[in-house]
Amino acid sequence: MQHTADPTFYRSPAAAIAAPGETLAYVAAFDPRGVKHDAIAVVDCDASSDSFGRVVGWSELPTAGNELHHFGWNACSSALCHEGHGENGALERRYLVVPGIRSSRTYILDTKPDPRQPQVARTIEPEELASKAGYSRPHTVHCGPGGIFMSNLGGANGDDGPGGVALIDHDTFEVTGAWETDRGDQFLAYDVWWHLNDDVAITSEWGTPAMIEGGLNPEDLLGRRFGHHLDFWSLSGGKLIQRIDLGDEHQMVLELRPAHNPQKRWGFVGVVISVEDLSASVWLWHRDGDGWAAKKVITIAAEPADESELPPALKPFGAVPPLISDIDLSVDDRWLYVSCWGTGELKQYDVSDPHNPRETGSVRLGGVVGREPHPAAPELALAGGPQMVEISRDGRRVYFTNSLYAAWDEVFYPNGVGAWMARVDADPDGGGMTVDPRFFPHGDDFRGLRVHQTRLQGGDASSDSYCFVE
């Protein structure tokens, strides 16, 4: 096994939890109009700092119209599992790999010279992604075995599928090809994650670019055309080995969160909406004999509302769907956080028994109807809601941003969602959480851009996979 000097490569979940906490957060910021240049905002997370909760760095990209999405690190703790990731311990968690879901352009940003001012080191143009891997509309980045894995929604032409995973070289950041060798019936794509010790990868499903880029088409939703499968693969071979249909009423199977303990063979996935009753749900996948099984373990009901308070898309239903847009699992595998972007609620569940989650906490900010304000600005009615969620490695801090996807923001929030970011303080021992009243970058802090995903300096709960238990 190759050794590395990077202290942010953790042998086990316990080592990650015990490591020093984050002091900076990197936040994807974009202009939904495609006029202003997109950027990575850097936010101070050190509660003892005079600039706590403020934007302290800003890395503007050379272009606009990218709609930055689920970016990730070039390398992380999974490097400890594998040979050949560099020589003489040179590999380090240094570069942010930042895909633009609209432009199909991916930027590589170097954080090492100045962590508060990441600099563009390389650009992967859409032509390279299309010609070498056959994909477009990059969505999610994970540092992993044999390269950087980047999921994509579209095929080479940018409108249709199949979507899938492109591999990027750890050192040169060149696209090396498509990961899949036999995709079987898989066509739609979204997220990708894995169980390293089992050599198993899991992918989820949203829709093709043509289905999402113009906003939410009710005919696609009610026609049950969005993804409703979990797909299981050979991680090393890129071959589909099993598909699980959750039922076509369960539309949009999105964020995958496998257990961090490499000996555990289970994980959670969020489903945005049921077309039967507007509820949202969380499903548990787990090992079942020689294969895999999945079952619904959390159901969150839609909330009735007066028609006058609803956007046009929801008036016929007289209710606000929760719209689970993200879930995140703490590094100790005990706490699951569920963002309900429609109702403006972040829920906390104790998943010590993953088959029987128990709700232990809730906070509300924003929401289609509630527009719950932040304690730092009680006069400000918030649009959007808890969306992309990121948990500190020790489980004591939970960060979230409020924009889902530009073309869909206006469907549910016709006047726009603005831009804001919040943090809650959580109790990793007994459960419960409260909104941090001091942490609220918003509005002009983000220079007129919207904010989507967050990564924490030194790693976080959704960007690392671990090789050992001790």
Q. In whole Å, what is the distance between the alpha-carbon centres of the range 250-326 and the range 346-369?
A. 12 Å
Q: Calculate, in nm to one decimal, what S236 and S362 gain on full extension: separation in residues at 0.36 nm each, minus their alpha carbon distance.
A: 41.4 nm
(Q) Under 16 Å from a point placed 7 Å out from the Cα of D220 along the Cα-to-Cβ direction: which residues of the range 182-210 have their backbone N that close? (A) 187-191, 205-210
Q: Quick one: divide the alpha-carbon radius of gyration of the chain by 2.2 N^0.38 Å and tell me what you get.
A: 0.89
Q) Using r as the Cβ-Cβ distance of A301 and D429, and R0 as 41 Å, what FRET efficiency do you calculate, to the nearest 0.05? A) 0.90
Q.
Placing unit charges on C-beta atoms (Lys and Arg positive, Asp and Glu negative, everything else neutral), compute the dipole magnitude of the chain about its Cα centre in debye, rounded to 20.
A. 320 debye
Q. Over the range 323-366, what relative contact order in percent results from Cα pairs under 8 Å that are six or more residues apart?
A. 30 percent
**Q.** Within straight-line cross-link reach of K239, lysines at Cα separation under 28 Å, skipping those fewer than 8 residues along the same chain
**A.** K132, K264, K295, K296
Q: Please work through the chain and write down the cysteines that have no neighbouring cysteine Cβ at a distance under 4.7 Å.
A: C45, C340
Q. Which percent of Cα-Cα pairs in the range 342-469 sits in each 5 Å bin, short to long?
A. 2, 10, 19, 23, 19, 14, 8, 4, 1, 0
Q. Aspartates and glutamates near K36 by alpha-carbon distance under 20 Å, same-chain residues fewer than 8 away left out - which ones?
A. E60, E67, E125, E213, D409, E410, D444, D445
Q | Expected 222 nm ellipticity per residue - DSSP helices of 4 or more, -39500 (n - 2.57), all of the chain, to 500 | A | -1500 deg cm²/dmol
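Each value in this text was obtained by applying a stated rule to the coordinates, not by laboratory testing. As the structure is a prediction and not an experimental result, all values here were calculated from the model. When we count neighbours, we look across all protein chains shown, and the Cβ atoms used for this are built from the backbone with ideal geometry, even at glycine.
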